[in-house]
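Shown next, in structure tokens, is the structure this report addresses.
Read-outs throughout are calculated quantities, based only on the coordinates presented, and are distinct from any laboratory measurement. Owing to the predicted nature of the structure, the values given are computational and were not obtained by experimental measurement. Positions of Cβ are backbone-derived with ideal geometry, glycine not excepted, and every protein chain shown enters the neighbour counts.
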Amino acid sequence: MKAALYRSTGKAADVLRVEEIPRPEPGPGEVLVRVYASGINPTDYKARSGAVPRPIDDFQVPHQDGAGVIEAVGPGVDSGRVGQRVWLYLVAAGRRCGTAAEWTVVPERQAVPLPDGASFELGASLGVPAMTGHCCLFSDGPLDGMTVLVAGGAGAVGHFAIEFAKRAGARVITTVSSPEKAALAEEAGADLVVNYRSPDAAEQVKAFGLVDRVIEVALGANLQLDLAVVRPHATIVTYAAEAADPVLPVRACMTANVTLKFVLLYGAPMTALGEAAADITAALAAGELTGLPAHPFPLDEIAAAHEAAESGAVGKVIVIP
Ligand SMILES: NC(=O)c1ccc[n+]([C@@H]2O[C@H](COP(=O)([O-])OP(=O)(O)OC[C@H]3O[C@@H](n4cnc5c(N)ncnc54)[C@H](OP(=O)(O)O)[C@@H]3O)[C@@H](O)[C@H]2O)c1
């Protein structure tokens, strides 16, 4: 089969190649999936560049997320799953074959039914971002009637965090840095969109209401804003590391009685992943999850696709194997 792969870490154009490799076979408990769309996330290009290195077993086919159709099942898997449309998560976690290939193999629980109304491009956008958004939002109980602040609401995780928070009955405030991103956050359903670079950003948020839960992409940059707008006993959940770690203003955090939490999808408990996967498919079936604008690239242009994602393309970069 045709696959994109790298054998060492480095710049996209230096290390990514498209080669013919043997098609993997599904082992016990696994399914073989014909991949129709493969989503790129920051974790994929950070692993490829070596910024956050992962062990390479001879070669690595990149990308955790994808969508396609189950073509064969291994021993112990219901053969009725053959022909099922699925979305995939954490495919390359500890495995050599991610989704940037014509076929991939995953444990069957990581191939989640994709409702007919949902495109493969949307399916390939879900794994890392939607599961991370879900795990962050619900890491501290239900949200009905609460006010949630999603930092960076036009980002991949932020987008799904807005949609899940609305679905869960929360009032949602989000921050962005441009009118183009504000439009995307409004489309996702945010009730209030604030430019985080505005000098009165905190006042705009407070005028809407104090915040119970913050889903944070840049803790150091935003902690002052977050502490200014949270209700006592609020929770700030962070899922991204910045270039430099923040200095923690301990007294201000104590005064706010705030709880700081951190989420890394790779270490999320299986129960949380299972709940997120089920809720994502239910939301898709209800038509309550949408994708950011997609930027599709053919597999042969894998290096250009990585460069687009790394340079901050607004929307979702997708590779079509
Ligand atoms: N912990 C985990 O398991 C996990 C899972 C997924 C992602 N991540 C990490 O989370 C980060 C975001 O991932 P992503 O896929 O959502 O990336 P993305 O699609 O590139 O979105 C990042 C967003 O963050 C916004 N942003 C940057 N600085 C901000 C600030 N100071 N205040 C508010 N918004 C800000 C950006 O908007 P502007 O450019 O307009 O500022 C952008 O929209 C990456 O570092 C990724 O590695 C971690």
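For the chain, what does the relative contact order come out to in percent, with C-alpha contacts under 8 Å and a separation of six or more? Answer for the chain is 19 percent. Phi angles of region 165-172 translate, via the Karplus equation with coefficients 6.51, -1.76, 1.60 and θ = phi - 60°, into HN-Hα couplings of 5, 5, 4, 8, x, 8, 8, 10 Hz per residue; Gly and Pro are given as x. Helix 219-229 and the long axis of the chain differ in direction by around 40°, with both axes built from C-alpha atoms. Once the chain from residue 259 to residue 11 is taken as fully extended at 0.36 nm per residue, the excess over their C-alpha distance is 85.5 nm. Taking one quarter of the surface of the convex hull spanned by the alpha-carbon atoms of region 52-157 gives a direction-averaged projected area of 9.4 nm². Remark: the Cα gyration tensor places region 261-321 in the prolate category, a/c being 1.5 or greater and a/b exceeding b/c. With contacts taken as Cα pairs under 8 Å at a separation of at least 6 residues, region 89-196 carries a relative contact order of 19 percent. In the calculated pair-distance distribution of region 58-118, the portion above 19 angstrom amounts to 28 percent of the Cα-Cα pairs. Amide H contacts of residue 36 (H built 1.01 Å from N, in plane; Pro and chain starts excluded): 67, 68, 69 sit under 5 Å, all sequence-distant by 5 or more or on other chains.
Shown here is the pair-distance distribution of region 1-120: with all Cα-Cα distances grouped in 10 Å bins from zero up to the longest one, the shares run 15, 47, 29, 9, 0 percent.
Computed from the Cβ-Cβ distance with R0 of 25 Å, the FRET efficiency linking residue 23 to residue 78 stands at 0.70. Extending 7 Å from Cα along the Cβ direction at residue 200 and again at residue 46 yields two label points whose distance is 3.6 nm. You can think of it this way: the chain between residue 231 and residue 245 has 2.6 nm of extra reach, that is 0.36 nm per residue less the Cα-Cα gap. For region 210-321, the spherically averaged projection of the C-alpha convex hull amounts to 9.8 nm².
How far is the Cα center of region 1-39 from the Cα center of region 119-133, in Å? Each part's Cα centre sits 19 Å from the other's. Less than 5 angstrom separates the built amide H of residue 73 from those of 32, all sequence-distant by 5 or more or on a different chain.
Debye calculation, C-alpha points only, no solvent: report log10 I(q)/I(0) for the chain at q = 0.12, 0.15 Å⁻¹, in the same order as the q values. Computed log10 I(q)/I(0) values: -0.80, -1.17.
Take every DSSP beta bridge whose two residues both sit in the chain; close to 50 percent of them are antiparallel.
Treating each Cα of region 137-210 as one equal point scatterer and applying the Debye formula with no solvent, the log10 of I(q)/I(0) at q = 0.13, 0.23 Å⁻¹ comes out as -0.32, -0.97. Modelled label positions at residue 109 and residue 187, each set 7 Å beyond Cα in the direction of Cβ, lie 3.5 nm from each other. The trypsin sites (Lys or Arg not before Pro) of region 147-235 meeting both criteria, a DSSP state outside H, G, I, E and B (loop) and at most 15 other C-beta atoms within 10 angstrom of the site's C-beta, are 197. Model label points for residue 34 and residue 221, set 7 angstrom from Cα along the Cα-to-Cβ axis, are 4.2 nm apart.
Relative to the longest principal axis of the Cα atoms of the chain, the long axis of helix 179-188 lies at roughly 80 degrees.
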